[in-house]
């Protein structure tokens, strides 16, 4: 089984996907257009996100969720069943545009990822805007990874993963670790990564995307990059040099406004010699694996993640020491 490949899943589009896409287009997209327009709206959304940390989010009975006071920030350990390999771990960064959501909102991803990876997931509650900066989020991610190593996890037993803004944080963390000549994890998984925060108009899928308005994504990028160099690879990872990074899996929907930057990450990583499994799912919305409770395609995506992780585990050992590259 090869890691380095492009995959366009050829499953019949489910009726659930058709119905959900229409619902998102009529609700989430208009709401996003209104929300991502004024700084006060972002502050309000961030406060609502804080409330999610106090709300009980149900999960299946076989799933264990334990709060974690981990590194400088909190989070939760998620175990998607019994018999997991406790020596290994997935460090997960939730999405939400760097201003909303929390580990609780993304449990439908984290418990399933734990199940297919056969290891616990540490979902990190990293600092977000508008109070905090991108550098704060990255510092939290690096600190959490360092804590995992100090707790005895070997780098090759750690996987980094994230969705949307969390996909951005996954890529930025990998680049920062490489630049600091620190030991790298075994692999990275990015679901619909937001990888380009430069000020450019997104024209591809502008009308097809059922969730994200392209102009509002651009507005939000301007907010988070104020006072920064948007071409810095730690700000816009798509412009980075991926030499020495571990294998990557990138999952996106064919109609997303973020699809092209996901493609560009895959292309640049391959040019740098990084094995990449790039999956483009026809007509799937942004971060569709989070909808696995209702969407058959989302549940299938986790099987593909299991295939990727199995292929990574079968790669020759040891791989070239990336930290010394």
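Readers should treat all values here as calculations from the given coordinates under stated rules, not as data from a laboratory. Keep in mind that this is a model prediction, so the values were computed, not measured. Counting neighbours? That spans all protein chains shown, and the Cβs are built from the backbone with ideal geometry, glycine included.
Structure data summary
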{"quantity": "Separation of the residue 283 and residue 317 label points, Cα + 7 Å toward Cβ, nm", "calculated": "4.4"}
{"quantity": "Ranked list, fewest to most other Cβ atoms within 10 Å of each Cβ, for 177, 138, 169, 315", "calculated": "315, 138, 177, 169"}
{"quantity": "R0 of 56 Å, Cβ-Cβ distance residue 2-residue 135: FRET efficiency to nearest 0.05", "calculated": "0.95"}
{"quantity": "Ranking of 302, 200, 288 by count of other Cβ atoms within 10 Å, fewest first", "calculated": "200, 302, 288"}
{"quantity": "Value at 222 nm in deg cm²/dmol, rounded to 500, when DSSP H runs of n ≥ 4 in the chain each add -39,500 (n - 2.57)", "calculated": "-11500 deg cm²/dmol"}
{"quantity": "Fewest-first sequence of 286, 94, 59 by Cβ atoms within 10 Å of each Cβ", "calculated": "59, 286, 94"}
{"quantity": "Spin-label pair residue 66/residue 310, simplified geometry with 7 Å Cα→Cβ offset, distance in nm", "calculated": "2.9"}
